[in-house]
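All remarks here apply to the structure that follows.
Coordinate-derived values only; no laboratory data. Computed from a prediction, not measured in an experiment: that's the story for all the values here. When we count neighbours, we look across all protein chains shown, and the Cβ atoms used for this are built from the backbone with ideal geometry, even at glycine.
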Amino acid sequence: MSGDPLRALAAAAMAAGLAVACGGTAGTGAADAGAGGTAPPTRSVAEAPSTRSPTPTPNPTPSTSPDPRFDGEVRLADGRRVGMSYAVGRGLVERHRDADTGAWSAPRLVYATATDRCHSLTLKAFGNTVAVIADWGVYCYDGEPPTESIAAVGTADLGRWDTELTEDFDGWTKVVARGDGDARSLLFTRNSTETLTRLDWTATEGFAQVKEIPR
């Protein structure tokens, strides 16, 4: 076979091949997937990029430290608070709280001793001056008499304390402001059936000598 019949046969074969390549009876899209064909891959929800802004994390609520615990505490005229504690193996420790900020100062050692503490601790405010009576002694907490008795006075910013140690003494029982209540002159006393023991303090001179006045 030659000539025109051959060219006609070749043209018919080419047309049939093009029909199959262009889709023909094979189908497309979802129909192919249902018939066992391979569907185009889809992205899962987890893989899809988020278009939402992340939720901001709220700022943590600031925590307020509880007030420290003391063996004695007093409030001054300017609103400050002063607290003292018997620290085991250390002695008498003081802290004070600022009236404006409410912040407590760092612990300050007013009197150092490793002797056992006694039962009572007295703090008294005279304006912005603080007077303190504290005692130590072996078994003193259980009722034995003290062997170390301290009278202490703090003034101004409480950065400095005057202290007076009296040994083998039953301890001061009272402190008052002398005269018209002037905080610049304080008097520590102890009464007994035989004597009046007294200790004067002034803002200018500090502590004087202990005096025993017979009754």
Among P146, I133, G171, which residue has its Cα positioned farthest towards the positive end of the charge dipole of segment 102-172, with +1 placed on the Cβ of Lys and Arg, -1 on the Cβ of Asp and Glu, and the dipole taken about the Cα centre?
I133
Please work out whether segment 75-215 counts as rounded, prolate or oblate from its C-alpha gyration tensor, where a ≥ b ≥ c are the square roots of the eigenvalues and a/c under 1.5 means rounded, while otherwise a/b larger than b/c means prolate and anything else oblate?
oblate
Computed magnitude of the charge dipole of segment 103-172 (debye, nearest 20; Cβ of K, R +1, Cβ of D, E -1):
460
What does a probe at D182 reach in segment 194-215, counting residues whose amide N is under 13 Å from the point 7 Å along Cα→Cβ?
201-205
Taking a ≥ b ≥ c as the square roots of the eigenvalues of the Cα gyration tensor of segment 135-211, is the shape rounded (a/c under 1.5), prolate (a/b larger than b/c) or oblate?
oblate
Taking a quarter of the surface of the Cα convex hull of segment 62-153, what do you get in nm²?
6.4
